[in-house]
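Note sheet for the following structure.
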Amino acid sequence: MINKVLVANRGEIAIRIMRACRELGITSVSVYSEADKDALFAKYADESIYIGRAPAIESYLNINKIIEAAEECGADAIHPGYGFLAENPNFAFACDKASIKFIGPSSKLLELMGNKIAARQEMGKAGVPVVPGTQEKVSGYEHAREIAEKIGYPIICKPAGGGGGIGMVIVKNDEELLDALESSQAIASSTFGLSDIYMEKYLENPRHIEIQIMADTHGNVVHLGERECSIQRRHQKLIEESPSPVITPELRSRMGETAIKAGRWVNYEGAGTIEFLYSNGNFYFLEANTRVQVEHPVTEMVYGIDIVKEQISIAAGNPLSFKQEDVKARGWAIECRINAEDPLNRFVPSPGKLRGYRSPGGIGVRIDSSVYTRYTIPPIYDPMISKLIVWGRDRNEAIHRMRRALYEYIILGLKTNIPFHKAVMENDRFISGELTTHFVENETSLLEDMERIIERDKPMEERLSQIFDERKRIAAIAAAVVAGHLPGKSPPQSE
Ligand code: ADP
């Protein structure tokens, strides 16, 4: 039985998890840093515990402080969300040691999957097709040359302990090899504390397609179809959808079965994602993510399954609440990651105070967020404002609904990437479903499109922003009345 869950995360995912707890009748506890004392997620929780200063290393990455907080409040389980400690085997181990259930796979499995070289080897053994490349770490320049000869350029050097696209270097020819090797190793060791790197064939125009799996502790493993996450910038996803425009029912069941095979092979527990690169009808294992993904809502919308509730239920030892044959896809879902960044200026982060905030609503619209009007987005964490997810009966309806929702979205006081999302939703290639991971760099008209769209939508934005100006005016008058600068009705005198 799980009665109390500590959420070792912040922002939208913290609220997402607490929502699941509330529906399950489970008490939620948030931990928050100095920078998050006014954050919505810390107020939403049934209990909140301060754990340290703003730098993540002193709070959200501090295993001791989080375990202490969990012990102090008597939590039975910890949900790590995504990022921070979600895939850290030491954290899962510390939870075990404190007899607190870590909501996710075992620390051993996190260790195995966290090392991408080990994960590639394991998947190879399981019979899952992996991107052609090394099965072991690159031992030096000579070794790298041998590999390059075998697999042929272009090649990509990748840190074994990597994530977030960091330290990946593309190599086009022999001349570039040494530099690429050294720079990938240097970034790997400074960012991940492990200089091991491996090499893969660099697929020229692939699509990123991933399969959601769920596994319980009773031997049941199911898949919830695919998500297409090809719209990326610097290897970071910006727009995701489910299903993928390119996946046929036959391919879906083939990829799904492969992902289940991968899950069974490693004795998976909980929610996980098997990421693939897809190219010319073939798919290759890229990596496994042993946690709930940012983009999980598109799957939830299409399959009608609450992935986070299911994670908690699995952690409590229950069998999955559904079987593969009960899993039915309905319609189409798209997610746009709404970030505080300037799309007209190389997407530089634009944190700051939300002078006005009104999120879209209406049929088929879902917002996962932890912000509110007058909230200040701290510069120290990632600048996500929200995830905007829409559902439609088909892709066309979902695209039109996303356009409408983006049109309604009012965020005042800082720059956001909404113009980028609007431009993509109106882009012919996107509409036709011809996606690759190079979409953003290849569609050179996006910048101009954004500028045009900003001008076009200005009147609507100005009309809606008046709502906030009006409020400001009233607040100023009220403040003046209270301060005695303006005549106002005096409050009734008490007897
Ligand atoms: P990370 O864990 O750092 O995010 P991934 O291995 O998941 O790294 O890759 C992230 C993205 O980088 C992929 O979605 C894809 O766009 C690109 N990528 C990675 N490996 C390759 C490859 N072998 N060929 C082409 N693109 C790749």
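The values are calculated or read from the model by the stated rules, or taken from the named source; none is laboratory data. Predicted model only: the values in this text are computed from it and were never measured. Cβ sites come from the backbone with ideal geometry, for glycine too, and all protein chains shown count toward neighbours.
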Helices (runs of 4 or more DSSP H) (entirely within segment 383-484) containing at least 3 residues that are out of contact with any strand residue (DSSP E or B) (no Cβ under 9 Å at 6 or more places or on another chain) and under 29 Å from residue 286 (Cβ atoms): 428-432
Testing residue 166 on (1) in a loop (DSSP other than H, G, I, E, B); (2) more than 13 Å from the ligand (Cβ to nearest atom); (3) not hydroxyl-bearing (Ser, Thr, Tyr), one condition comes back false. Which one is that? (2)
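For segment 206-233, how many residues meet the condition of being away from the ligand (no atom under 16 Å from the Cβ), touching a Pro at 6+ places or on another chain (Cβ under 7 Å) and not in a loop (DSSP other than H, G, I, E, B)? Quick ask: steps written out before the conclusion?
Initial filter on segment 206-233 (away from the ligand (no atom under 16 Å from the Cβ)): 213-225.
If we keep only those that are touching a Pro at 6+ places or on another chain (Cβ under 7 Å) too, we end up with 216, 218, 220, 225.
From what is left, the residues that are not in a loop (DSSP other than H, G, I, E, B) are 225.
Within segment 206-233, residues that are away from the ligand (no atom under 16 Å from the Cβ), touching a Pro at 6+ places or on another chain (Cβ under 7 Å) and not in a loop (DSSP other than H, G, I, E, B) number 1.
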Given the conditions (1) among the hydrophobic types (A, V, I, L, M, F, W, C); (2) out of contact with any helix residue (DSSP H, G or I) (no Cβ under 7 Å at 6 or more places or on another chain); (3) part of a strand (DSSP E or B); (4) more than 16 Å from the ligand (Cβ to nearest atom), every one holds for residue 277 apart from (4)
Test result for residue 291, of a type in the set (Lys, Arg), over 21 Å from residue 439 (Cβ atoms), touching a residue at least 24 places away in the same chain (Cβ under 8 Å) and within 16 Å of the ligand (Cβ to nearest atom): yes
In the set 119, 144, the lone residue that is of a type in the set (Gly, Ala, Ser), touching a residue at least 24 places away in the same chain (Cβ under 8 Å), in contact with a helix residue (DSSP H, G or I) (Cβ under 6 Å, 6 or more places away or on another chain) and within 14 Å of the ligand (Cβ to nearest atom) is 119
Could you tell me whether segment 128-135 includes any residue that is at pLDDT below 95, buried (at least 16 other Cβ atoms within 10 Å of the Cβ) and polar (S, T, N, Q)? yes
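Table: residues versus (1) among the aromatic types (Phe, Trp, Tyr); (2) closer than 15 Å to residue 287 by Cβ; (3) assigned by TED's automatic domain parsing to the domain that holds residue 283.
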site: 168; (1), (2), (3): no, yes, no
site: 174; (1), (2), (3): no, no, no
site: 179; (1), (2), (3): no, no, no
site: 192; (1), (2), (3): yes, yes, no
site: 222; (1), (2), (3): no, no, yes
site: 229; (1), (2), (3): no, yes, yes
site: 238; (1), (2), (3): no, no, yes
site: 243; (1), (2), (3): no, no, yes
site: 251; (1), (2), (3): no, no, yes
I'd like to know if segment 169-182 contains one or more residues that are crowded, with 20+ Cβ neighbours inside 10 Å and either of a type in the set (Ser, Thr, Tyr) or within 9 Å of the ligand (Cβ to nearest atom) (or both). no
For segment 283-303, which residues satisfy the criterion of being crowded, with 24+ Cβ neighbours inside 10 Å and either polar (S, T, N, Q) or not assigned by TED's automatic domain parsing to the domain that holds residue 402 (or both)? 290, 299
Within segment 1-98, considering only helices (runs of 4 or more DSSP H) that don't extend past its boundaries, which have at least 1 residues that are under 21 Å from the mean Cα position of the chain (by Cα)? 11-24, 40-44, 89-97
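Table: residues versus (1) at pLDDT below 95; (2) surrounded by 21 or more Cβ atoms within 10 Å (Cβ to Cβ); (3) of a type in the set (A, V, I, L, M); (4) assigned by TED's automatic domain parsing to the domain that holds residue 442.
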{"position": "392", "(1), (2), (3), (4)": "no, no, no, yes"}
{"position": "397", "(1), (2), (3), (4)": "no, no, no, yes"}
{"position": "405", "(1), (2), (3), (4)": "no, yes, yes, yes"}
{"position": "409", "(1), (2), (3), (4)": "no, yes, no, yes"}
{"position": "417", "(1), (2), (3), (4)": "no, yes, no, yes"}
{"position": "424", "(1), (2), (3), (4)": "no, yes, yes, yes"}
{"position": "429", "(1), (2), (3), (4)": "no, no, no, yes"}
Flag if residue 203 is in a loop (DSSP other than H, G, I, E, B) and within 14 Å of the ligand (Cβ to nearest atom): yes
